[in-house]
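S.K.: Take this structure, written in structure tokens, and hold onto it; I'll ask about it next.
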Ligand code: SF4
Ligand code: SF4
């Protein structure tokens with residue numbers, strides 16, 4: 001369970017606390033008028049009235065590491081300093097029987113009130129024996145904790161859709177949280193998810209007493225509505241058929257598109273291009289890597305680094321040769337149709353560059 005302790009207010013003061021609440025309002029796309037309500041909602045957490053129980057299954061713990069990097073406030077403040085954690089298998093101080101008792105006490109005491117966060121897929125084969133905590137299967141733990149939860153949140157692609165543990169032959173029968181318990185589950189996919197996506201969802205639950213509007217895959221639309229491709233800084237390259245052929249390559253006149261390297265931004269919905277990662281520093285594509293589609297149910301059940309069919313159609317012969325030379329699986333493609341989109345793309349790109357110059361960048 002989390003509760004912002006008194007040290008938080010002491011350390012940050014009322015003014016900082018309200019600044020923090022204002023940043024949450026921005027995160028949720030709300031006006032400043034909501035700041036007092038957000039403050040009230042967070043004070044619910046402060047006073048321990050809104051417990052969260054966080055369980056770990058088949059996963060790598062990367063989602064916790066990502067959450068711990070939350071900007072609001074930062075990792076040390078949010079996780080280590082300001083949160084009073086009673087049950088989180090990675091972060092809690094207790095272990096062994098003490099930890100098991102803490103979970104039972106939390107479930108009993110806060111039945112019907114707590115938010116359950118599940119990180120990791122749930123192995124179900126052979127009654128779930130392939131993932132156990134304290135001699136109990138993770139499957140039975142999830143079912144037990146879910147029975148008393150007010151809200152259920154799947155943190156990360158493994159808990160949301162099965163992810164990496166469910167890929168390939170899926171020998172342990174890994175399933176998503178929703179597939180195991182049914183009902184309404186808020187999915188916060190990502191490998192890992194952006195910390196804002198969970199912080200924003202929890203505040204939304206507290207503020208409005210319900211989950212944010214969800215898309216067809218159970219994801220909050222406020223974070224997962226737009227295709228990466230729509231806001232991509234390399235979009236001009238795509239429109240002109242200018243693809244990066246080697247990782248690290250820089251094209252002389254344009255930010256080359258990562259499509260030939262398997263970018264899945266065309267079929268992936270998340271706000272990474274404008275939210276940015278690592279405290280607003282960068283994101284995959286801007287850093288020179290293709291979007292791996294980590295927030296989609298199909299992740300990672302596709303060949304990484306293979307161009308999507310819509311990209312393959314506009315790749316030039318030289319792009320294809322280079323891919324083969326770099327050791328990617330050879331692909332058989334027709335010659336380029338890039339010129340068809342080049343004119344429109346050039347106009348778009350030059351317009352963007354002109355805007356950037358006007359803005360003094
Ligand atoms: S394919 Fe990927 S790199 Fe290219 S424009 Fe779309 S999102 Fe950006
Ligand atoms: S850019 Fe793509 S791969 Fe990178 S974090 Fe966002 S959705 Fe995941």
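Every number here is computed from the coordinates shown, using simple stated rules; none is lab data. For clarity, every value in this text was computed on a predicted model and none was experimentally measured. With ideal geometry, Cβ positions are generated from the backbone for all residues, glycine too; neighbour counts draw on all protein chains shown.
S.K.: Which order do 89, 296 fall in if you start with the one that has the fewest other Cβ atoms within 10 Å?
M.R.: Details: 89 18, 296 24.
Ranked by crowding around the Cβ, least crowded first: 89, 296.
S.K.: Here is a further query. Given axes a ≥ b ≥ c from the Cα gyration tensor, I'd like to know whether the stretch 161-244 is rounded (a/c under 1.5), prolate (a/b larger than b/c) or oblate.
M.R.: oblate
S.K.: Could you please rank 145, 133, placing first whichever residue has the fewest other Cβ atoms within 10 Å of its Cβ?
M.R.: The fewest-first ordering by Cβ neighbours comes to 133, 145.
S.K.: Take 302, 138 and order them by how many other Cβ atoms sit within 10 Å, fewest up front.
M.R.: On the way: 302 15, 138 24.
If I rank by nearby Cβ atoms, fewest first, I get 302, 138.
S.K.: Now for a different question. Indicate the gyration tensor shape class of the stretch 218-260 (rounded, prolate or oblate), computed on the Cα atoms with a ≥ b ≥ c the square roots of the eigenvalues: a/c under 1.5 is rounded; otherwise a/b larger than b/c is prolate and the rest oblate.
M.R.: prolate
S.K.: Rounded, prolate or oblate: which fits the stretch 108-252, taking a ≥ b ≥ c as square roots of the Cα gyration tensor eigenvalues, rounded meaning a/c under 1.5, else prolate when a/b beats b/c?
M.R.: Note, shape of the stretch 108-252 comes out oblate.
S.K.: Which residues does the label zone of residue 214 cover in the stretch 148-174, counting backbone N under 13 Å from a point 7 Å along Cα→Cβ?
M.R.: Answer for this model: 151-155, 160-161.
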